[in-house]
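The values are calculated or read from the model by the stated rules, or taken from the named source; none is laboratory data. The structure presented is a predicted model; accordingly, all values stated were derived computationally and were not measured. Positions of Cβ are backbone-derived with ideal geometry, glycine not excepted, and every protein chain shown enters the neighbour counts. The protein model used for the area step is the full one, side chains on, heavy atoms only, and it has no ligands, DNA or RNA in it. Shrake-Rupley method; radii C 1.70, N 1.55, O 1.52, S 1.80 Å.
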Amino acid sequence: QVQVAESGGGAVQAGGSLRLSCAASGRAFSTYTMGWFRQAPGKEREFVAAISWPSSVTYYAGSVKGRFTISRDNTVYLQMNSLKPEDTAVYYCAASPRSMEISRPSTYDYWGQGTQVTVSS
């Protein structure tokens, strides 16, 4: 069993930065693929970024590539720079024992409760 919890959300003006953190516990966490997803009101949950194990290869949605950076040590981070109003959403951290189809929400078995990110223009 893996428990996942996000932190670091908040409100920021366009062009600003935020760093989200994801603390995960459980004996296999360090071997899991970790992903970030987001969901805006009235929209489906969408892939943002993921980082694999053990090679820590990173993957990004086109809309955030070059602005967001995912990294991991004992915690998983999402550094978000040059934020835009369209980045406003609830951001979720997720864990998966799989390494394929990592942009699909159904790949992930464990999810956090989410943290709100609001970007004003």
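Here are a few things to note about the model shown:
- Accessible surface comparison of 109, 73, probe 1.4 Å, protein chains only, largest first: the order is 73, 109.
- Percent of beta bridges antiparallel (DSSP, region 1-81, rounded to nearest 5): 95
- Each residue, residue 100 and residue 25, gets one label point 7 Å from its Cα in the Cβ direction; the gap between the two is 3.3 nm.
- Accessible surface computed residue by residue for the chain, with neighbouring protein chains in place and a 1.4 Å probe, gives 52 Å² per residue.
- Solvent exposure of residue 65, expressed as accessible area, is near 140 Å², computed with a probe of 1.4 Å over the protein chains only.
- Charged side chains reduced to their Cβ positions (Lys and Arg at +1, Asp and Glu at -1) give the chain a dipole of some 120 debye around its Cα centre.
- The 1.4 Å probe gives accessible areas that order 104, 38, largest first, as 104, 38.
- Whole-Hz couplings from phi, Karplus 6.51/-1.76/1.60, listed for region 89-95; x for Gly and Pro: 4, 8, 9, 10, 9, 9, 10
- Karplus-derived 3J(HN,Hα) values for region 108-121, using 6.51 cos²θ - 1.76 cosθ + 1.60 with θ = phi - 60°, are 9, 9, 10, 10, x, 7, x, 9, 7, 10, 10, 10, 9, 8 Hz; glycine and proline are entered as x.
- Surface composition of the chain: carbon plus sulfur atoms hold 46% of the accessible area, using a 1.4 angstrom probe and ignoring ligands, DNA and RNA.
- By accessible area with a 1.4 Å probe, ligands and nucleic acids excluded, highest first: order of 120, 106, 52: 106, 120, 52
- Each of residue 121 and residue 71 was given a label point 7 Å from its Cα along the Cα-to-Cβ line. The distance between the two points is 3.3 nm.
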